[in-house]
1. For R222, which of the numbered conditions (1) closer than 29 Å to L20 by Cα; (2) modelled with pLDDT under 90; (3) surrounded by fewer than 16 Cβ atoms within 10 Å (Cβ to Cβ) fails to hold?
2. Looking at (1) part of a loop (DSSP other than H, G, I, E, B); (2) open to solvent by 20 Å² or more (accessible area, probe 1.4 Å); (3) hydroxyl-bearing (S, T, Y), can you tell me which one Y45 breaks?
3. Just the residues that are touching a helix residue (DSSP H, G or I) at 6+ places or on another chain (Cβ under 9 Å), open to solvent by less than 80 Å² (accessible area, probe 1.4 Å) and part of a loop (DSSP other than H, G, I, E, B), please, taken from the stretch 182-207.
4. Exactly one of these conditions fails for Y25: (1) more than 16 Å from the ligand (Cβ to nearest atom); (2) open to solvent by less than 10 Å² (accessible area, probe 1.4 Å). Give me its number.
5. Suppose we filter L54, L41 for residues that are farther than 23 Å from A104 by Cα and in contact with a helix residue (DSSP H, G or I) (Cβ under 7 Å, 6 or more places away or on another chain); which single one remains?
6. Would you check if K101 is modelled with pLDDT under 90, more than 19 Å from D202 (Cβ to Cβ) and over 19 Å from the mean Cα position of the chain (by Cα)?
7. Report yes if some residue within the stretch 162-181 is in a loop (DSSP other than H, G, I, E, B), surrounded by fewer than 19 Cβ atoms within 10 Å (Cβ to Cβ) and without any contact (Cβ under 8 Å) to a residue 40 or more places away in the chain; otherwise report no.
8. Inspect all residues belonging to the stretch 31-40 and state whether any of them is of a type in the set (D, E), free of Cβ contacts under 8 Å to residues at least 60 places away in the same chain, outside any helix (DSSP H, G or I) and within 15 Å of the ligand (Cβ to nearest atom).
Amino acid sequence: MKILVVEDEAGVAQFIEQGLRESGYAVDVARDGIEGRDYALAIRYDAIVLDIMLPRMNGLEVLNEIRDQRVKTPVLLLTARDGIDDRVRGLDTGADDYLVKPFAFSELLARLRALLRRPPLQADTVLRAANLEMDLAKREVHRADQPIELSPREFSLLELLLRHPNQVLSRTQIIERVWNFDFYSDTNVVDVYIGYLRRKIDEPFDPPLIQTVRGVGYKLVR
Ligand code: CA
């Protein structure tokens, strides 16, 4: 289970991140609204914890944009004690629940678990390129009707490429979206994983889908 936390207050973000990791979740933290929106659009999370008061773009605008882009991930809003209007607008905009600051971590965890038990709305769950299919709901990949086993990281990387067909992604963009980027400054890991993916999804098939753009990064052609 992978959770995105969008929170600019470092202390709060760290408190949530650490608690979720200790509870067995993978966590990405975005520090402002634009970063949060970009993560939410690029990576398939199981849930998003979204603060409303954020620099650059507030949480309600982030929510609005990701719902417009048909991201159905459950969203738990964090609101200020006096932010009643925000709560109402948030639920109207497509938030699934909210939590008033300050809160106990056990309450956050209970709310998240409740959201994760809800079945996701099944829209746009299959991504395609040529004869490759990725079923996001079943977490399955097929090419030419043959099943392909991918590790979770390979799956996330392929999902990112499939969501941005014919678009060059730099190694840094890929690192930021597929890994918990604070732990990796060495972008060689991208080349290594692209190699793994190619061996599984490209080499046994035609045509090759993943292209190297020299000096820049990679793109998936569709
Ligand atoms: Ca804030």
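The values are calculated or read from the model by the stated rules, or taken from the named source; none is laboratory data. Treat the numbers as computed from the prediction; the structure is a model and nothing was measured. So basically every Cβ, Gly included, is an ideal-geometry build from the backbone, and we count neighbours across all protein chains shown. Surface accessibility is based on the protein's heavy atoms, side chains included, excluding ligands, DNA and RNA. Shrake-Rupley method; radii C 1.70, N 1.55, O 1.52, S 1.80 Å.
1. Result: R222 fails condition (1) only.
2. Condition not satisfied by Y45: (2).
3. If the condition is that a residue be touching a helix residue (DSSP H, G or I) at 6+ places or on another chain (Cβ under 9 Å), open to solvent by less than 80 Å² (accessible area, probe 1.4 Å) and part of a loop (DSSP other than H, G, I, E, B), then T187 is the only one that fits.
4. Y25 satisfies all of (1) more than 16 Å from the ligand (Cβ to nearest atom); (2) open to solvent by less than 10 Å² (accessible area, probe 1.4 Å) except (2).
5. Answer to the selection: L41.
6. Yes; evaluated as a whole, the condition is true for this residue.
7. yes
8. yes
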